[in-house]
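For reference, the structure discussed in these notes is given below.
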Amino acid sequence: MKKKEVVRAYNFSDGKLVTTTNEKIAFIRRDAAEFIGYGITSAMVDELETQTNHFSETATDVELVGDQTEVTTAKDAIADKLQEVIRSVMSRVVLKYPVESAKYRKFGTEALSQQSDAELMVIAARVYRVGNLMLADLAANGLTAGMLEDIKNQRGALEHELIDMKLKIADRDIEQENRVEAGNAIYATLIKYTNTGQSIWETSNVAKYNDYVVYNTPTGDAPTDPPTPTP
């Protein structure tokens with residue numbers, strides 16, 4: 001069965017989750033004597049703190065996007081270089097064979113800059129193969145085996161960067177899913193403990209009861225009342 005997409009259980013930021021959890025942990029430790037009567041021990045609170053600290057140290061999506069952007073930029077640079085060396089070859093081919101000729105069209109380099117990375121790799125492989133077949137005829141126009149090897153090497157580099165980019169994208173998806181699951185686990189424990197805190201102080205201490213309120217709003221703060229409509 002396909003795994004369902006993991007979504008956040010809380011509406012505020014991960015940073016707010018960390019600060020809120022640490023704040024409530026301090027209150028729970030203050031009221032440890034009352035919490036022990038509900039089976040919530042100091043070891044359990046310590047475990048929540050450890051989970052929260054580990055969560056705060058994991059890579060955020062901003063960092064993962066940065067890694068992905070770096071490898072994408074490197075990939076684009078290699079693709080540009082590959083187009084450049086293909087054009088260098090074709091500028092020599094056209095000296096021998098007219099653009100409309102079958103031999104020129106056999107290289108299949110039309111609309112080179114508009115091709116996807118995958119199609120560019122197909123074109124590069126074709127230019128390398130056809131170029132080697134026609135090398136003897138094109139040598140007089142300056143085409144060399146080294147130029148064709150350059151195409152082969154640049155194509156290999158592009159393939160490497162494409163794979164690296166795909167891995168970075170997959171890593172980001174995995175890390176984000178893991179982060180959401182970790183955040184949800186912390187939030188679930190936080191709510192369980194704070195609900196207990198509210199139960200402890202609900203009828204005896206309003207201030208302490210409020211210490212355990214968690215607002216699941218985008219800011220993590222108490223929601224503001226909507227403005228009164230003007231008649």
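Brief remarks follow.
- Hey, GLU161 buried (at least 16 other Cβ atoms within 10 Å of the Cβ), under 30 Å from the mean Cα position of the chain (by Cα) and within 18 Å of ALA77 (Cβ to Cβ) or not: yes
- Of residues in the stretch 173-200 being at pLDDT 95 or above, farther than 16 Å from VAL18 by Cβ and not polar (S, T, N, Q), the one surrounded by the fewest Cβ atoms within 10 Å (Cβ to Cβ): LYS192
- Residue within the stretch 7-27 that is of a type in the set (Lys, Arg), surrounded by 15 or more Cβ atoms within 10 Å (Cβ to Cβ) and assigned to a helix (DSSP H, G or I) present: yes
- Candidates are the residues of the stretch 201-211 that are among the charged types (D, E, K, R) and surrounded by 16 or more Cβ atoms within 10 Å (Cβ to Cβ); the one that is farthest from ASN22 (Cα to Cα) is LYS208.
- Members of the stretch 178-205 found to be closer than 17 Å to GLU47 by Cβ and polar (S, T, N, Q), listed by number: ASN184, THR189, THR194, THR196
- Inter-residue pairs, beta-carbon under 6 Å, first free of Cβ contacts under 8 Å to residues at least 24 places away in the same chain and in the stretch 91-103, second of a type outside the set (Val, Ile, Thr) and open to solvent by 70 Å² or more (accessible area, probe 1.4 Å), 6+ apart: TYR97/LYS103
- Evaluated against (1) at pLDDT 95 or above; (2) part of a helix (DSSP H, G or I); (3) farther than 30 Å from THR21 by Cβ, LEU143 falls short on exactly one condition, (2).
- Meets criteria (modelled with pLDDT under 95, small (Gly, Ala, Ser) and in a helix (DSSP H, G or I)) for ALA207: no
The values are calculated or read from the model by the stated rules, or taken from the named source; none is laboratory data. Remember, predicted model here, so these are calculated numbers, not experimental data. For neighbour counting, all protein chains shown are included, and Cβ atoms are generated from backbone atoms with ideal geometry for every residue, glycine included. Just the protein is used for accessible areas: all its heavy atoms, side chains included, with ligands, DNA and RNA removed. Shrake-Rupley method; radii C 1.70, N 1.55, O 1.52, S 1.80 Å.
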